[in-house]
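Below: the structure, in structure tokens.
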There are 2 protein chains.
Amino acid sequence: MSGKNHVWRLRERPVGNITDDTLSFESESIPEPKDGECLFRLNYLSLDPTNRIWMSDEEQYMPPVALNDPMRGVVCGTVLKSNTPEFKEGDIVSGIGTWADYQIGTPGSVGLLGAIGGISVMNAFATLALVGPSAYFCLLDIGAPKAGETVVVSTAAGAVGSIVGQIAKIKGCHVVGLTGSDEKCRWIKEDLGFDEAINYKTENIPDALARSCPNGIDIYFDSVGGSILDECLKLMNLHGRIPTCGLISQYNSPDPVPGPYNYGLILMHRLKIQGFIILDYLDRFPEANEAIVNWMSEGKIKVRLDVSDGLDSALHSVKKLYTGENTGKLMVRVKDV
Amino acid sequence: MSGKNHVWRLRERPVGNITDDTLSFESESIPEPKDGECLFRLNYLSLDPTNRIWMSDEEQYMPPVALNDPMRGVVCGTVLKSNTPEFKEGDIVSGIGTWADYQIGTPGSVGLLGAIGGISVMNAFATLALVGPSAYFCLLDIGAPKAGETVVVSTAAGAVGSIVGQIAKIKGCHVVGLTGSDEKCRWIKEDLGFDEAINYKTENIPDALARSCPNGIDIYFDSVGGSILDECLKLMNLHGRIPTCGLISQYNSPDPVPGPYNYGLILMHRLKIQGFIILDYLDRFPEANEAIVNWMSEGKIKVRLDVSDGLDSALHSVKKLYTGENTGKLMVRVKDV
């Protein structure tokens with residue numbers, strides 16, 4: 001295929017924060033699909049906390065991105081050419097790809113986006129490709145919330161956290177969210193229906209947690225680790241659960257990070273801490289997505305997207321995840337469907 | 001009742017190690033049972049790592065022992081006088097009591113020791129009152145071992161660890177024990193049938209674990225926390241389990257102790273860490289004890305007791321738990337049944 005491709009390539013493994021030297025934006029030729037492959041044009045690129053993990057060479061759940069390779073990402077695109085019977089020209093696919101305008105997909109790397117009711121492709125991809133099923137399975141399978149229990153959600157205005165809180169409300173829980181601005185606090189309480197919201201940047205966290213959780217904490221949905229985990233541990237009720245979906249507070253740390261100082265309470269209060277990676281649940285996506293689409297159409301789950309335009313904006317945008325600047329699911333729109 | 005009683009009372013909360021000033025040995029009068037109570041004579045006192053927790057006023061799973069109160073312990077005794085229909089003179093009871101020759105029991109604090117097959121009262125109490133059911137439920141309910149999996153056991157020559165390893169062998173696992181002397185290594189391998197034994201005081205732990213666990217670790221049975229937990233985390237397989245039965249490495253620390261530095265691997269490897277306290281399983285004791293008595297009579301579970309004589313020896317003996325000087329279940333024999 002003629003024309004130019006644009007590709008973000010990993011040039012340096014970040015030590016601490018992602019910098020402008022971490023990735024470079026290259027102009028390259030468009031690849032040709034071989035037998036069993038398709039070529040697709042990128043429509044939307046999802047930016048996720050896990051991107052920082054893939055840039056490092058620390059032990060992780062997939063191989064790290066190799067230096068000088070295209071950066072890995074969760075992608076949505078339109079098939080232009082297919083040499084595999086699973087896809088035909090015009091199909092909308094999503095899955096694991098790269099930060100590139102044009103790229104090769106296989107039935108192992110991407111799949112059809114599937115039925116999405118009356119939801120736009122961008123909204124469906126933003127919610128159903130990764131964050132919705134993550135929120136659904138991590139909260140329900142590991143957390144196992146019961147009506148009347150107290151659920152504390154970190155990064156509550158984030159892509160996963162905002163859905164976790166809304167599902168916990170659907171399940172009849174008292175839901176408390178931690179987030180990083182008064183505007184985000186307002187959004188999760190007034191628009192999403194959280195019972196309480198804590199601005200972790202301005203409030204005294206132990207006091208605010210104690211006030212918001214008069215019956216203790218039954219589930220702490222952890223996406224951050226660090227000091228907030230330590231504070232929540234102190235309030236965990238007997239047999240509490242800590243589904244661990246991320247540890248964003250430590251991804252950018254160049255030094256070894258100690259685990260929680262209140263680790264001993266895992267024993268004393270018979271807590272369960274369990275790690276979660278969505279890869280273990282790929283075969284159960286239809287279950288989650290059917291529930292989430294229904295809740296969205298009933299107005300019980302609302303999502304907010306933080307969209308930047310153009311693939312060239314991806315590096316600037318992804319940094320926002322680690323400063324808390326984004327509001328809602330962070331996305332790059334390359335070309336609307 | 002006439003005669004003298006001897007009682008160990010908590011005088012100081014230990015900061016760091018238990019010292020000779022932590023408890024005092026008092027000569028007192030023998031208490032009189034009220035309605036609903038019985039008086040029993042202590043036969044055996046179990047010394048357990050959890051004693052150190054009860055001496056502190058840190059957050060724990062039962063109220064701490066109050067200063068100047070009799071020290072709490074797991075006890076076995078013979079009923080001398082009963083004002084409750086549950087017990088009659090001559091009954092052997094066991095449960096939660098105090099470090100005292102003569103003491104009051106209630107149906108809520110002690111129960112009949114129950115059928116014990118051909119096993120002596122001392123052996124039955126040592127194994128069935130606390131450590132056997134702890135090993136059984138913590139390994140099987142939380143660890144859920146499958147045949148062929150690798151199980152690493154900390155404090156493997158200790159009271160709980162030695163039974164955990166033997167149950168794991170019964171379940172068809174590859175079992176590796178960590179303990180603190182060559183003699184204990186020999187005992188767990190040659191007498192108890194562990195596949196591998198590591199002397200954590202003399203061997204390089206990461207090398208020894210890697211060599212002993214060529215297929216990684218599926219279950220790390222943790223009774224110690226600290227650096228051994230950190231080393232095991234590095235070798236945990238996907239979806240590994242860490243039943244946490246104790247954290248003895250940190251009980252004596254006067255300073256805050258950080259959690260494991262490899263905490264992030266809980267996420268990356270989707271591990272489960274879950275705390276265990278035997279109090280949650282009191283109603284299921286018959287299930288565990290039936291299985292353990294059968295295994296003991298078949299020679300599949302062997303126990304070793306470390307017995308000191310006389311209640312006055314209790315303070316000296318309990319310190320051995322924190323230096324690893326004991327070999328097997330630590331007990332005080334006050335008066336044989």
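Is it true that B:Glu183 is more than 14 Å from chain A (Cβ to nearest Cβ) and without any contact (Cβ under 8 Å) to a residue 12 or more places away in the chain? Before you say what the answer is, go through the steps one by one.
Numbers: more than 14 Å from chain A (Cβ to nearest Cβ): yes; without any contact (Cβ under 8 Å) to a residue 12 or more places away in the chain: no.
The answer is no for B:Glu183.
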Check: Is one or more of the residues making up region A:306-322 under 28 Å from A:Glu183 (Cα atoms), touching a helix residue (DSSP H, G or I) at 6+ places or on another chain (Cβ under 9 Å) and buried (at least 22 other Cβ atoms within 10 Å of the Cβ)?
Finding: yes
Next item on the list: Say whether the condition of being among the acidic types (Asp, Glu) and surrounded by fewer than 18 Cβ atoms within 10 Å (Cβ to Cβ) is met by at least one residue in region B:240-255.
Entry: yes
Margin query: Among the listed residues A:Ile219, A:Ile242, A:Ile228, identify the single one that is free of Cβ contacts under 8 Å to residues at least 60 places away in the same chain and either closer than 18 Å to A:Gln166 by Cβ or assigned by TED's automatic domain parsing to the domain that holds A:Leu139 (or both).
Written below: A:Ile242
Next item on the list: Answer yes or no: is there a residue in region B:280-300 that is closer than 23 Å to A:His239 by Cα, modelled with pLDDT of 90 or more and within 9 Å of another protein chain (Cβ to nearest Cβ).
Entry: yes
Next item on the list: Hey, can you tell me all the residues within region A:265-306 that are in a strand (DSSP E or B), within 26 Å of A:Gly117 (Cβ to Cβ) and of a type outside the set (Asp, Glu)?
Entry: A:Leu305
Checklist line | Residue list for region B:174-197, restricted to those being buried (at least 24 other Cβ atoms within 10 Å of the Cβ) and either more than 13 Å from B:Gly324 (Cα to Cα) or touching a strand residue (DSSP E or B) at 6+ places or on another chain (Cβ under 6 Å) (or both) | finding: B:Val175, B:Val176, B:Gly177, B:Leu178, B:Ile188, B:Phe194, B:Ala197
Margin query: Testing B:Gln166 on (1) crowded, with 23+ Cβ neighbours inside 10 Å; (2) outside any helix (DSSP H, G or I), one condition comes back false. Which one is that?
Written below: (2)
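Looking only at residues that are over 22 Å from the mean Cα position of the chain (by Cα) and not in a strand (DSSP E or B) in region A:98-116, which one is modelled with the highest pLDDT? Spell out how you get there, then give the answer.
Of all residues in region A:98-116, those over 22 Å from the mean Cα position of the chain (by Cα) come to A:102-104, A:106-107.
Then drop every residue that is not not in a strand (DSSP E or B), which leaves A:106-107.
Numbers: A:Thr106: 96, A:Pro107: 93.
So, considering only residues that are over 22 Å from the mean Cα position of the chain (by Cα) and not in a strand (DSSP E or B), the one modelled with the highest pLDDT is A:Thr106.
On the given criteria, is A:Gly310 within 23 Å of A:Arg186 (Cα to Cα) and not aliphatic (A, V, I, L, M)? Steps first, please.
Working: within 23 Å of A:Arg186 (Cα to Cα): no; not aliphatic (A, V, I, L, M): yes.
Here the answer is no, as A:Gly310 does not meet what is asked.
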Item checked: Conditions (1) in contact with a helix residue (DSSP H, G or I) (Cβ under 8 Å, 6 or more places away or on another chain); (2) surrounded by fewer than 22 Cβ atoms within 10 Å (Cβ to Cβ): number failed by A:Cys76 -> (2)
Checklist line | For A:Tyr263: the one exception among (1) aromatic (Phe, Trp, Tyr); (2) within 14 Å of chain B (Cβ to nearest Cβ); (3) within 24 Å of A:Ser134 (Cα to Cα) | finding: (3)
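The values are calculated or read from the model by the stated rules, or taken from the named source; none is laboratory data. Bear in mind the structure is a predicted one, so any value in this text is a computation, not a measurement. Reconstructed Cβ throughout: ideal geometry from the backbone, glycine too, with neighbour counts over all protein chains shown.
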